[in-house]
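Student: Below is one structure. I have some questions about it.
The values are calculated or read from the model by the stated rules, or taken from the named source; none is laboratory data. Only a predicted model underlies this, so the values are computations on that prediction, with no experimental measurement involved. Cβ atoms come from the backbone with ideal geometry, glycine included; neighbour counts cover every protein chain shown. Areas reflect the complete protein model, heavy atoms only, side chains present, ligands, DNA and RNA absent. Shrake-Rupley method; radii C 1.70, N 1.55, O 1.52, S 1.80 Å.
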Amino acid sequence: MSKKNIIVVGGGLSGLMATIKICEAGGEVKLFSYCPVKRSHSLCAQGGINACMNTKGQNDTTWEHFDDTVYGGDFLADQTAVKGMCETAPKLIKMFDRMGVPFTRTAEGALDLRNFGGQKNKRTVFAGSTTGQQLLYALDEQVRKWEVKGKVNKYEFWEFIKIIKNDKKVCRGIVAQNMNSMEIEAFRADAVILATGGPGVIFGRCTASTICNGSAVSAVYQQGAEIGNSEFIQIHPTAIPGSDKNRLMSEACRGEGGRIWTYKDGKPWYFLETMYPAYGNLVPRDIAARAIYDVCVNQGLGINGENRVYLDLSHIPAEYLERKLGGILEMYSEFVGDDPRKVPMQIYPSVHYSMGGIWVDTKHNTSIPALLASGECDYQYHGANRLGANSLLSAAYSGTISGPEAIRWSESDDIGDELTDEQLAAAKQECVDEFENIINMNGKENAHKLHHELGDLMNRYCTIVRVNKELDFCMGELKKILARWSDIGVNDKGHWANQEAMFVRQLRNMILYAMVICKAARMRDESRGAHYKPEFPNRDDEKFLKTTIASYDPETHEPKITYREFDHSLIKPRPRRYDVAKGGK
Amino acid sequence: MSEQKTVHFIIERQDSPDSKPYTEEFLVPYRPALNVVAALMEIQKNPVTKDGKKTTPVVWECNCLEKVCGACMMVINGKARQACATLVDHVPQPIHLAPARTFPVIRDLQIDRSVMFESLKRIQGWIEIDGSWEVNTAPIQNPYTAATAYEIAHCMTCGCCLEACPNVGPQSDFIGPAPTVQAYLFNLHPFGKFDKEKRLNSLMEKGGITSCGNSQNCVQVCPKNIKLTTYLAQLNRDVNKQALKNIFDK
């Protein structure tokens, strides 16, 4: 087998960036995805991508970006990693510009910048309100070029099932399934990169795409990869509630001057501006989401008593809105029926992003040799809370690290022998047997209904407010759901494009991942970033300035939780407040 | 208790690429703001037809449910559109769902649109850069030209325009409006235009822009409101100019 043969699972921003880096280094990529990579979830990112371009006369610095990110993440992010990301950001923007991303421009044709939450300087580069779509397309186009050159082989509509290790416990391949023909195949590689995105669908209704189910992450967790900081789930403050999904209303709305309010004593109350005078509507997401929750649930001041508040753009000139936010305003009109240029939008917080994910080192190596992870599926960069417009950045940046690191593995003697035919056949057979067992399930439960229950449970107990007693209850319920999974009845017994059977397999992975989130939340007795426990309202650096590590216990199917030190040597932790200016260097 | 309001669906199904299509009818509980994808999800939870017959869940493709990914395009009451953005309140019942048969059917409403991605290779749908490493800062761009590029760059390869176009199909090899217009996008870029001739020449070949019959259906159905016919006309002019240039340069 020729060297430098890398498998990349996931064709979003991170997977495509890694693919390009691998091709540029002379490697070849097998690229696996649930969907044509151009339809990956990165395209749902709207508001922009942070980079210190310093073109607005504010003396912005990459250090300030670094400090904002660490502070915004409540000091739980690896600081060397974050610093590297912030320093590279402006170079990535120049690369995307050369690739033809149609960024929004100033009158003189330079890249425009906008405000975003948790940052005082204009630092967010954007393409209208569809920045993720445009960045993803640019990388999709570059990867297509490599495909034409024969360096990339796409396996679109293939589902990753699991990794395969050699005798030295090094990851040297994967098993995947063709989602149409249902054929299951085992593949060799020198190294494998997972770039499979977040686990939002575990929560049922969320802002994520239906493909963001965390199933691949759960699969490698069950094979020995550690998960870091899984309890940190970002709740986006401004989403349009929906019964099928909550649709994101970009933070760019607030960045462009949108105001959040509700009625109090018959008058509009701009509660973020009152509570946080220094940042106002531009507080980070965890802060804004908690405030909206408090106003609606504890104070009962939601619109008409419901869990909604206003996100108001109606005071901003329509032409300006059209140019800066057009795409999402159209979406709001389409799905809700009101015109946000004329009337305030009605929004409520929603599960949006996972700061946690597969534990990786600063080179994006997981705890399994030659298995790498990058993008939302890893735990790096965001600590306890992610700043808006840092996700496109971390996705792209992490791909520039994981790709070259995979190449390094492919050139190293440490990867040991390639998989034997017997090892491939055995791994494949296990997956075939598992799939046949699923097809033959004849129990009473409907998988989609069970998933609905899972989502309700997770939304209720593992989001904005967490209470230990309730988390214990939630864990108990999750175990029951896991037991009920075995009693699923599969309606579709066919072997052609059987989406139901594949969903059943994903669902089990989702339930096991849900347990990781729940247990990690239960164990962290403090409040930090997106993780808030009224019983423990303060941050406890003494005990919990540590990464949560979850590893799978095959006996109980539950995670074992431990804590690991991480690098916070560059910026000393200080109290995180947004009612007054941030301070710091 | 009042009777549960339902939505009536008639769905054209097909078990495999070569098998015969058939229809099944479903009643889905109504709720405000219900869209077609959400209704299909309800059928997954309770795959029982209107007549009480147990069946398999309907197969379709979807991802984002926000009209950005392009996956859930299907024919709804005779018109190609995104299922996620089709609210049942806005279309008359019974709601007919069918696969977009311009493309090979995989199963039920799921189709194979790989031909569109292949066409993007043909028109060289990318900017030729030396590499992802640092080179020069990209040139500034006229913000008006950039705004045009931004409009075209919204194309999500959903295939509505190919489904609506009378010249796309077995009778013609036209690659269709979407991939054709992408050539115009890359020709707008400050150094994307260095390869303009290549792209225009690719559109002179079989299935290129001369196969466009100017029926203007595409612009009517584009879910992103891209002015497809405007850019097709512009491209047509560019291709003609290039053709003349090719003759004189011989």
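Student: Please report, in whole Å, how far the alpha carbons of segment A:153-301 spread along each principal axis, starting with the longest.
Tutor: Largest to smallest, the principal-axis extents are 68, 33, 28 Å.
Student: Report, in deg cm²/dmol and to the nearest 500, the calculated mean residue ellipticity at 222 nm for chain A, where each DSSP H run with n ≥ 4 adds -39500 (n - 2.57) and the sum is divided by the residue count.
Tutor: -11500 deg cm²/dmol
Student: Net charge near B:Val37, counting Lys/Arg +1 and Asp/Glu -1 over other residues with Cβ under 11 Å of its Cβ?
Tutor: -2
Student: Taking the Cα centre of each part, how many Å lie between segment A:421-482 and segment A:154-186?
Tutor: 21
Student: A further question on this structure: Relative contact order for segment A:235-351: what percent, with Cα pairs under 8 Å and sequence separation of 6 or more?
Tutor: Here the relative contact order equals 34 percent.
Student: What does the accessible area per residue of the protein assembly as shown come to in Å², with a 1.4 Å probe and no ligands, DNA or RNA counted? Kindly include the intermediate steps, with their values, before the conclusion.
Tutor: Values: 29590 Å² over 835 residues.
For the protein assembly as shown, the solvent-accessible area averages 35 Å² per residue.
Student: Helix-only estimate, please: 222 nm mean residue ellipticity of chain B, summing -39500 (n - 2.57) across DSSP H runs of length 4 or more and dividing by its residues, to the nearest 500.
Tutor: Counting only the DSSP helices, I get -9500 deg cm²/dmol.
Student: Here's something else I'd like to know. Summarise the long-distance tail of P(r) for segment B:6-111 by giving the % of C-alpha pairs beyond 24 Å.
Tutor: Summing the P(r) tail past 24 Å for segment B:6-111 gives 14 percent.
Student: Let me ask you something else. Taking the alpha-carbon centroid of each part, what is the distance from segment A:284-308 to segment A:1-49 in angstrom?
Tutor: Measuring centre to centre over Cα atoms gives 39 Å.
Student: Residue by residue, what Karplus-based ³J(HN,Hα) values in Hz, rounded to whole numbers, does segment B:107-120 have, using 6.51, -1.76 and 1.60 with θ = phi - 60° and x for Gly and Pro?
Tutor: 7, 6, 8, 8, 10, 10, 9, 4, 4, 5, 5, 5, 5, 5
Student: Checking an interface number: how much accessible area is buried between B and A, summed over both chains, with a 1.4 Å probe, in Å² rounded to 100?
Tutor: About 5700 Å² of accessible surface is lost on pairing.
Student: Report, to two decimal places, the Cα Rg of segment A:382-520 normalised by 2.2 N^0.38 Å (N = number of residues).
Tutor: Cα-based Rg divided by the globular estimate yields 1.40.
Student: Express in whole angstrom the spacing between the alpha-carbon centres of segment B:155-186 and segment B:1-58.
Tutor: Answer, in whole Å: 30.
Student: Can you give me the long-range amide H partners of A:Gly173? Hydrogens built in the peptide plane at 1.01 Å from N, cutoff under 5 Å, separation of 5 or more residues or another chain.
Tutor: Answer set, sorted by chain and number: A:Ile164, A:Ala189.
Student: Oh, and also: Over all Cα pairs of segment B:92-250, how is the pair count split among 10 Å bins, expressed in % and running from 0 up to the last occupied bin?
Tutor: Each 10 Å bin holds this share of Cα pairs: 10, 36, 33, 16, 5, 1, 0.
Student: Next question, about the same structure. When the Karplus curve 6.51 cos²θ - 1.76 cosθ + 1.60 is applied with θ = phi - 60°, which whole-Hz ³J(HN,Hα) does each residue of segment A:295-302 get, with x for Gly and Pro?
Tutor: With coefficients 6.51, -1.76 and 1.60, one gets 5, 7, 7, 7, 9, x, 9, x Hz.
Student: Treating the Cα atoms of segment A:235-351 as identical point scatterers in vacuum, please give the log10 of the normalised Debye intensity I(q)/I(0) at q = 0.10, 0.19 Å⁻¹, two decimals.
Tutor: -0.26, -0.99
Student: Moving on. Report, in degrees rounded to the nearest 10, the 0 to 90 angle that the Cα long axis of helix A:131-148 makes with the longest principal axis of chain A.
Tutor: Between the helix axis and the principal axis of chain A, the angle is about 30 degrees.
Student: Given the convex hull of the Cα atoms of segment A:173-237, what is a quarter of its surface area in nm²?
Tutor: Its Cα hull, projected and averaged over all orientations, spans 5.9 nm².
Student: Could you pull the Rg and Dmax for chain A, using just the Cα atoms, both in Å?
Tutor: When restricted to Cα atoms, chain A yields Rg and Dmax of 22.9, 73 Å.
Student: So, one more: Given a cut-off of 28 Å, name the pairs among A:Lys21/A:Lys165; A:Lys38/A:Lys449; A:Lys151/B:Lys227; A:Lys120/B:Lys193 whose C-alpha atoms lie farther apart than that in the structure shown.
Tutor: On the way: A:Lys21/A:Lys165 24 Å; A:Lys38/A:Lys449 30 Å; A:Lys151/B:Lys227 35 Å; A:Lys120/B:Lys193 38 Å.
In this structure, A:Lys38/A:Lys449; A:Lys151/B:Lys227; A:Lys120/B:Lys193 lie more than 28 Å apart at Cα.
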